[in-house]
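Read the structure below first, then the notes.
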Amino acid sequence: MQVGDQLAFQMEKQLEDFLVHNWASTSLGQEYDIYTEDGQPVGQQYPTDTGPMDILAISKETKPGSWSPN
């Protein structure tokens, strides 16, 4: 990994953290909620078969309990 690659990775992580912490203030946060399980937010770095997903969000129109990522 080169220095520029490492810096870009750190900046991507900072952007991800910023989006998650300020989700309600974003345009995405108006239409989507970060995925939760048992009332706990688990949508950041959500594990998938091909690697972690940065942010898993679900439409606010989706009824609770009617959707599962599995």
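The values are calculated or read from the model by the stated rules, or taken from the named source; none is laboratory data. A quick note: this is a predicted structure, and the numbers were derived from the prediction, not measured. A quick note on method: Cβ atoms are made from the backbone with ideal geometry, for glycine too, and the neighbour counts reach across all protein chains shown. Heads up: the accessible areas ignore ligands, DNA and RNA and are worked out on the full protein's heavy atoms, side chains in. Shrake-Rupley method; radii C 1.70, N 1.55, O 1.52, S 1.80 Å.
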Using only Cα atoms, tell me the angle between helix 3-21 and the longest principal axis of the chain; keep it within 0 to 90° and round to the nearest 10. 20
Given a 1.4 Å probe, the accessible area of the stretch 14-70 per residue, as a whole number of Å², is 76
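What is the percent carbon and sulfur in the accessible area of the chain, measuring with a 1.4 Å probe over the protein chains and ignoring ligands?
53
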For a Förster distance of 35 Å, can you work out the FRET efficiency between the beta-carbons of residue 61 and residue 7, rounded to the nearest 0.05? 0.35
Of 45-52, 31-38, 11-18, ordering from highest average Cβ density within 10 Å down gives 31-38, 11-18, 45-52
A convex hull over the alpha carbons of the chain yields, per residue, a volume in Å³ of 97
